[in-house]
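Below: one structure, written as structure tokens.
The values are calculated or read from the model by the stated rules, or taken from the named source; none is laboratory data. No experiment lies behind these values; they were computed from the predicted model shown. When we count neighbours, we look across all protein chains shown, and the Cβ atoms used for this are built from the backbone with ideal geometry, even at glycine.
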Amino acid sequence: MSTTPASPTVLRAPVSGTAKSRKRRPFLVDLYSTAVGKKYAMAISGIAMMGFVLFHMIGNLKMYQGEAALNHYAEFLKELLYPLAPKGAVLWILRATLFGMLVLHLHSAWSLTRLNRRARAVRYQGPRDYQVANFASRTMRWTGIIVFVYLVWHLLDLTFGVVNGAEGEYVRAEVYDNVVRSFDRPLVSGFYIFANILLGIHLFHGVWSIFQSLGWNNPRFNSWRRGLAAGFATVVVVGNVSFPVAVLAGIVG
């Protein structure tokens, strides 16, 4: 009985370096690299900033209670969790978090715009959403840019005092006087009112599109989605615009 000779052992060449598996990125970084992840990031950062805008407006309503009330509110913000945390520390942590949300929001918006340009057939908005919020969605980029410019001015004016009156007039602790001195200038008040109207348009479309970005889009909910978007934007705009109007009208001063 004949036997088949054993075939010689074949030695494999070592695996080349190019075939090595790449180090896996963290989940959140990997998710953010996709269009879906950027939409999530844009929605979540938008919600965080919407919360700030709303509560900032509500806090500033203290202005109608007088100088002492508004100044005391500003001091209260500095003393959050004091003495558990150093005075002003929590406020700066909140500011840093808000700044991070702003950077994330801007970057995700810019990234989504680039992705949409590469794949024009796939749009950030669905056809139905685009029809409902037509003007707001078309102007989303420009309203965002102008609101950002307004935010920079607002910080230079009322937070850092660089453009708030003559040299020596701005005193950080005198919030009420700083607000009155700022809005007593018609040009500044006009810009503030204009920027807040654009902010309202931006918020309207932002609130509307958040539900779609998070996958909560359903035709049955579109009516109350529109109502929520319009209501939120209106409350913020009316509240914010009332401040310069009250100063110019002599109601506050």
- Message: I'm trying to understand the selection: among the residues of the stretch 96-110, which are modelled with pLDDT of 90 or more, out of contact with any Leu (no Cβ under 9 Å at 6 or more places or on another chain) and either assigned to a loop (DSSP other than H, G, I, E, B) or surrounded by 13 or more Cβ atoms within 10 Å (Cβ to Cβ) (or both)?
- Response: 98, 101, 104, 105, 106, 107, 108
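Name the residue that is nearest to the chain's Cα centre (by Cα), counting only residues in the stretch 210-226 that are among the small types (Gly, Ala, Ser) and closer than 22 Å to residue 112 by Cβ.
Going through the stretch 210-226, the residues among the small types (Gly, Ala, Ser) turn out to be 213, 215, 223.
If we keep only those that are closer than 22 Å to residue 112 by Cβ too, we end up with 213, 215.
Values: 213: 15, 215: 19 Å.
The extreme case among them is 213.
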- Item | Output for the stretch 200-215, where each listed residue is part of a helix (DSSP H, G or I) and without any contact (Cβ under 8 Å) to a residue 24 or more places away in the chain | 211
- Task: With the condition kept exactly as written, say whether any residue in the stretch 35-52 is free of Cβ contacts under 8 Å to residues at least 12 places away in the same chain and under 30 Å from residue 179 (Cα atoms).
- Result: yes
- Item | Where a residue in the stretch 216-230 is in contact (Cβ under 8 Å) with a residue 60 or more places away in the chain and its partner, wherever it lies, is surrounded by fewer than 15 Cβ atoms within 10 Å (Cβ to Cβ) and part of a helix (DSSP H, G or I), with Cβ under 9 Å and at least six apart | 217/128; 219/128; 222/128
- Message: Given the criteria out of contact with any Gly (no Cβ under 8 Å at 6 or more places or on another chain) and farther than 20 Å from residue 39 by Cβ, does residue 214 qualify?
- Response: no
- Task: Sort out which residues of the stretch 206-218 are hydrophobic (A, V, I, L, M, F, W, C) and surrounded by 15 or more Cβ atoms within 10 Å (Cβ to Cβ), and write them in order of number.
- Result: 207, 208, 210, 211
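If the requirement is being surrounded by 16 or more Cβ atoms within 10 Å (Cβ to Cβ) and either in contact with an Asp or Glu (Cβ under 8 Å, 6 or more places away or on another chain) or not hydroxyl-bearing (Ser, Thr, Tyr) (or both), which of these qualifies: 169, 174?
On the way: 169 fails: surrounded by 16 or more Cβ atoms within 10 Å (Cβ to Cβ).
Testing whether each residue is surrounded by 16 or more Cβ atoms within 10 Å (Cβ to Cβ) and either in contact with an Asp or Glu (Cβ under 8 Å, 6 or more places away or on another chain) or not hydroxyl-bearing (Ser, Thr, Tyr) (or both) leaves just 174.
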- Item | Spans of helices (runs of 4 or more DSSP H) in the stretch 1-92 with at least 1 residues modelled with pLDDT of 80 or more and under 20 Å from the mean Cα position of the chain (by Cα) | 27-32, 35-60
- Task: Might you check whether a residue that is surrounded by 15 or more Cβ atoms within 10 Å (Cβ to Cβ) and either at pLDDT below 90 or not in a helix (DSSP H, G or I) (or both) occurs anywhere in the stretch 238-246?
- Result: no
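Residue check: is residue 226 part of a helix (DSSP H, G or I) and of a type in the set (D, E, K, R)? Steps first, please.
Details: part of a helix (DSSP H, G or I): yes; of a type in the set (D, E, K, R): yes.
Yes, satisfied.
Determine if the stretch 219-229 includes at least one residue that is of a type in the set (Phe, Trp, Tyr) and either surrounded by fewer than 18 Cβ atoms within 10 Å (Cβ to Cβ) or over 20 Å from residue 176 (Cα atoms) (or both).
Initial filter on the stretch 219-229 (of a type in the set (Phe, Trp, Tyr)): 221, 224.
With the extra rule that they be either surrounded by fewer than 18 Cβ atoms within 10 Å (Cβ to Cβ) or over 20 Å from residue 176 (Cα atoms) (or both), the set shrinks to 221, 224.
Looking for residues that are of a type in the set (Phe, Trp, Tyr) and either surrounded by fewer than 18 Cβ atoms within 10 Å (Cβ to Cβ) or over 20 Å from residue 176 (Cα atoms) (or both), one finds at least one in the stretch 219-229, hence yes.
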